[in-house]
Structures are given as structure tokens and as C-alpha cells.
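A quick write-up on the structure given underneath.
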Amino acid sequence: MLKKSAWIVLAAALLAVLPVRFYQVVFLKGETGGAFASAVVPCALAAGAVLLFAVGFLLGREKPEYRPFRSLPAALLSVLSGLALVVQSLVSLAVDGTSHQFIYMILSLLGILAGMVLIFTGYGYSVGRNVFAGHPLAALLPPLWGCFCLFSLFVAYVGIVNVAQNVYNTLAVVFLLLFLFTQAKLFAGVESGKAAQRVRMFALPAVLFLFTTGIPGSAASLAGVRQSGFFPAGLYFVNVIMAFNILAFLAAYGSAPREAAPKHAAPKEPERKEPRDFVPLETTAPEPAARPEEKSEWDRCWERLTAAYGSREMFVPCESDSFPLKNEK
């Protein structure tokens, strides 16, 4: 029931937000578009994010542990996300001529490394194995890229005031960073129980904001419309593919088989094992006579002396001592 509620809330929020944002970005070039549109988008995003956060928190209790799974859709979308991030980073590294060129160069290099990790993650999904079990530090590269991307957005937006698109882009990066960091904990085995409970809390709001920014931004870039926000155009396409990647991960993670719980059966009585040397009373047999080889050394010596000297056992009466003591009178 909770899973259906999560998908219903996500679909309702996207249906309420995407048409209005698409109209604002493509036809009004990012303007507010009237009081109605300015009220619908923030309210729908806020309500959707809060509900998805709450439903994701409740869903986290149903699967407290993470186990590697095999999913070809998740593997394909993870590889596509990695390739899109690598291509976007290479293009940004080649053609970027902004005033913060050094910052965007570092962001592009981190994007290339993070994209390679996403491709490596897709390989793990395809074989059903956690490829970061032996290399936990490599799982931190995608959240490191997200952290530096958030830093670059703050640097770029510091001189821009009152642009709603910048707020949506920042929130999309924030929730994506939280999801990537929680997913890295799952892969690295660090606080895996808490990370498994929180992964849906951040994944569902991240999907909402990634679609809200990525779909209208990609459409505007294809239509040649310049947007009012300051955000690399190639990242809008990355946002869309990354959102599908998160959805595929959630679907595969939710349907992964759990470990079979032990059945509570009636305790069995312990078997009574009798001692090895114990013989029941009714079956006790008389001890057989000792064989010659089983006689003790003392018995054999006594028999030999008796046969050699013809002696025998006899009782002798006790007589007084022939040598009395000196103090006797």
C-alpha cells in the first residue's frame, strides 16, 4: 500500500508541476507566468516533497538491509547516466569560458570520475554483485561530484537574485547529493541499516526535482530558448537520465528477494544419549573369568611361588614372645 501511495504522490506532483514549468520555461522564457503559475509550482513541489519524504521514511522500515540484486534495466540506466555525465563533463571542459573557469574545470574532472563510477555500478547491477565491497572509497566519487556541483551553484548564484529556476536547480542537486551519499553508504557497508532506511526518503524527492528541472530545461535547450537561470544546459539532460536511473534502482531494490526468515517451529526435545559404558540392569551378564593373559603380575607371581615351594595358605595361632622386654618383671 505504501509503495502505491509513493508512486501516486510522485505522479500527481509531476502532473501538477511539469505542464506549468514547461509553459513557463519554453513559452515565457522562465518568467513567472502570472500569479496562478507562481503559486501552483512552489505549492505542488513543497507538498509533493513533504509527502514523498514521509512515505519514503515509512517504506524504509519494510527493508532494513541492503542486498546486491541483479537488474538489467537498472544496469542499463546506470551506464547511460555515467556516459551522459562523462560526455557533459568533457563538453563543459572543452567549451566553457565563464569567469569561474577553474571551478568548472574541477567540476568537469570530478564529473568524469563520477560517470565512470556509475558505469562500474551498472556492471555490478548486471552481475548481481556489490562491486564496491572491496573498493568502498570509489563509491564516494558521485557524492563528491554532487557536493562540488552544489558549491559551484552557490558561487554562480551569489550575484543573481529572485530567480525561481535557480532555487529548483539547487534543490534538485541537494536531494540528488543526499541520495548519492546514502547509496554510497549502502555500497560501502557503512551504517548500512540506517542508509537502507533513508535511501527512499531522499530518492523520491530527488526524482521529483530532477524531472521538474530536467524535462523543461531539456525541452528549452532543444528549442533554442535561453533560460533565466544559470545552469549548464547539458546537466538538464543528465538530470532526466539520473531520475530514470533512481527509479530503476528503487524498483529493483524493492523487488529484490529478501533473506528467508526462520520459521518458528516447536522446540524439539533433546535426544537422550546413554553413556557408552552403561548397561541396563536386566541385561547385565555375569563377569567372565579372567583369562591368563588378563591376570595381574601379583597373581602370576603368587601362583609360581606356590608351585615351586609347595606352600599353601594356613592360619597359625598367636604365641607369646620368647624374648620379653627388659622392663617386664
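The values are calculated or read from the model by the stated rules, or taken from the named source; none is laboratory data. Since the model is a prediction, treat every value here as computed from it, not as a measurement. Heads up, the Cβs are rebuilt from the backbone with ideal geometry, glycines too, and the neighbour counts pull from every protein chain shown. Protein only, heavy atoms only, side chains kept; ligands, DNA and RNA dropped before computing areas. Shrake-Rupley method; radii C 1.70, N 1.55, O 1.52, S 1.80 Å.
Observations on the model:
- Within region 185-194, the residues that satisfy the criterion of being part of a helix (DSSP H, G or I) and either at pLDDT 80 or above or at positive phi (or both) are K185, L186, F187, A188.
- Region 191-218 - residue that is more than 26 Å from Y236 (Cα to Cα) and in contact with a helix residue (DSSP H, G or I) (Cβ under 7 Å, 6 or more places away or on another chain) and, of those, most open to solvent (accessible area, probe 1.4 Å): E191
- Note on region 225-261: among residues that are at pLDDT below 75 and over 22 Å from the mean Cα position of the chain (by Cα), the one that is most open to solvent (accessible area, probe 1.4 Å) is R226.
Here's the yes/no breakdown for (1) closer than 24 Å to R226 by Cα; (2) not in a helix (DSSP H, G or I):
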site	(1), (2)
L110	no, no
A133	no, yes
A138	no, no
P143	no, no
G146	no, no
A172	yes, no
L176	no, no
Q183	no, no
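- Residue that is nearest to L153 (Cα to Cα) [pool: residues in region 114-129 that are modelled with pLDDT of 90 or more and open to solvent by 80 Å² or more (accessible area, probe 1.4 Å)]: M116
- Residue check, G217 within 15 Å of I241 (Cα to Cα) and not aromatic (F, W, Y): yes
- Taking the conditions (1) open to solvent by less than 60 Å² (accessible area, probe 1.4 Å); (2) within 16 Å of I246 (Cβ to Cβ); (3) modelled with pLDDT of 90 or more; (4) in contact with a helix residue (DSSP H, G or I) (Cβ under 9 Å, 6 or more places away or on another chain) in turn, V55 satisfies each one other than (3).
- From L235, L176, L210, L180, residue being touching a Ser or Thr at 6+ places or on another chain (Cβ under 9 Å) and not polar (S, T, N, Q): L235
- Residue within region 139-151 that is in contact with a Pro (Cβ under 7 Å, 6 or more places away or on another chain) and open to solvent by 50 Å² or more (accessible area, probe 1.4 Å) present: no
- Long-range neighbours under 9 Å by Cβ, at least six apart or interchain, first residue without any contact (Cβ under 8 Å) to a residue 60 or more places away in the chain within region 182-206, second of a type in the set (D, E): K185/E191
- Scanning region 1-27 for residues that are among the charged types (D, E, K, R) and open to solvent by 40 Å² or more (accessible area, probe 1.4 Å), we see that the one that is modelled with the highest pLDDT is K4.
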